[in-house]
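Working notes, structure below.
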Protein chains: 2
Amino acid sequence: MSLEKDLNDSNTYYAMHNRALIHKKPTPIQVVKVDYPARNAAKIVEAYYKTPSTTDYNGIYRGKAIDFEAKETHSATALTFRSIHPHQIQHLKKVLLHGGIGFFIIRFTRFNETYLIDAGIMIELYENGERQSISYAQVQQYGSLIRQSFQPRLCYLENVDTLYFKEENNYGK
Amino acid sequence: MSLEKDLNDSNTYYAMHNRALIHKKPTPIQVVKVDYPARNAAKIVEAYYKTPSTTDYNGIYRGKAIDFEAKETHSATALTFRSIHPHQIQHLKKVLLHGGIGFFIIRFTRFNETYLIDAGIMIELYENGERQSISYAQVQQYGSLIRQSFQPRLCYLENVDTLYFKEENNYGK
């Protein structure tokens, strides 16, 4: 299962149980040509993927605006920053400026481990770090491991509670 | 100028001046077939518009999650609820449940007037009202007129301040 599918399933679970309202934004697509083979039936016949100007996920949790980007890597050693668009870093800076909660969710597929790491730390490494990547050791050091379960697949709101709401994690939830 | 363009321009202005971070979500599109006429160049050759499951706009303002839908009508008497998807009503209910600020922005193009109206009021009319529309008189009664200017085109954060932050409007801003 891909990280995107796991997150979508988890967000559906959280929405159904009224825990949070978090959605993946649609992929931005530039539509060039549309045909109308039948009345009211629009068929897009030429379009292109656009570079995203924001992160992939956002929503509301416990009254706060939540905004994050998800990345997975097959590398066992690091996530390269080439997979993060500069626009996404600028966007997350603004999320923090306006009082939202911003973070990255990073999966190392080799280990089947998924971490949540604060956007402020990622921005610092992205802009001022010595390397153009974040190492697996840094993700372990600065991030927090997301518990996996049957439902939700990724219990990442537990990590959000601990990091941003200064609470003990309640694993009984 | 369309309402969408006015809102996008206003949101760009607000973002540039660090007043708020509000984006229009991309239109959801179901991609069926993609060609690769050249390396790294993906061309979508068959795709269809999907029914939106959420509202068009969301973001962060003064630490709060903001979520709204924008509609314009050429009618001089009412906005029909047929233009609002049931999914969008369900979505806005959840926005309110989770502590976000939710509303509609409605433009009557005949009068070049644009109003902000709280989602709670719209949901009540949508679900329990006598008609399948909201009349121009109701929009005037329950909504608040958005001031227009050169920049931003629609000063709708003034209305948000007044309605949701219990403050006097500061027209000097």
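Observations, loosely collected:
- Of all residues in region A:160-172, those that are closer than 15 Å to A:A65 by Cα have Cβ atoms under 7 Å from Cβ atoms of residues that are modelled with pLDDT under 95 and surrounded by 12 or more Cβ atoms within 10 Å (Cβ to Cβ), 6 or more apart or on another chain, in A:D161/A:N169.
- Some residue of region B:1-12 being more than 11 Å from chain A (Cβ to nearest Cβ) and part of a loop (DSSP other than H, G, I, E, B): yes
- Among (1) under 13 Å from the mean Cα position of the chain (by Cα); (2) in a helix (DSSP H, G or I); (3) more than 19 Å from A:K24 (Cβ to Cβ); (4) of a type outside the set (G, A, S), the one test that B:L92 misses: (3)
- Within region A:49-85, tally of residues that are more than 8 Å from every other protein chain (Cβ to nearest Cβ), of a type in the set (G, A, S) and more than 14 Å from the chain's Cα centre (by Cα): 3
- Selection count where residues are surrounded by fewer than 17 Cβ atoms within 10 Å (Cβ to Cβ) and of a type in the set (D, E, K, R), scope region B:59-70: 1
Residues checked against (1) at pLDDT 95 or above; (2) surrounded by 14 or more Cβ atoms within 10 Å (Cβ to Cβ); (3) within 26 Å of B:V95 (Cβ to Cβ):
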site	(1), (2), (3)
A:T12	yes, yes, yes
A:M16	yes, no, yes
A:R19	yes, yes, yes
A:T27	no, no, yes
A:A38	no, no, no
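- Condition check for A:V139: in contact with a strand residue (DSSP E or B) (Cβ under 8 Å, 6 or more places away or on another chain), within 14 Å of chain B (Cβ to nearest Cβ), over 24 Å from B:A42 (Cβ atoms) and assigned to a helix (DSSP H, G or I): no
- The single condition among (1) at pLDDT 95 or above; (2) out of contact with any Ser or Thr (no Cβ under 8 Å at 6 or more places or on another chain); (3) surrounded by 17 or more Cβ atoms within 10 Å (Cβ to Cβ); (4) more than 8 Å from chain A (Cβ to nearest Cβ) that B:K94 does not satisfy is (4).
- Close Cβ contacts (under 6 Å, 6 or more residues apart or on different chains) running from residues in region A:14-31 that are under 29 Å from B:A47 (Cα atoms) and more than 7 Å from every other protein chain (Cβ to nearest Cβ) to residues that are assigned to a loop (DSSP other than H, G, I, E, B) and of a type in the set (D, E) comprise A:K24/A:D56.
- Just one of (1) of a type in the set (G, A, S); (2) out of contact with any strand residue (DSSP E or B) (no Cβ under 6 Å at 6 or more places or on another chain); (3) over 13 Å from A:I60 (Cα atoms) fails for B:A78. It is (2).
- Flag set for A:R131, criterion: basic (K, R), farther than 22 Å from A:S53 by Cβ and assigned to a loop (DSSP other than H, G, I, E, B).
The values are calculated or read from the model by the stated rules, or taken from the named source; none is laboratory data. The model shown is predicted, which means the values in this text are computed figures rather than measured ones. All Cβ positions, even for glycine, are placed from backbone atoms using ideal geometry, and neighbour counts span all protein chains on display.
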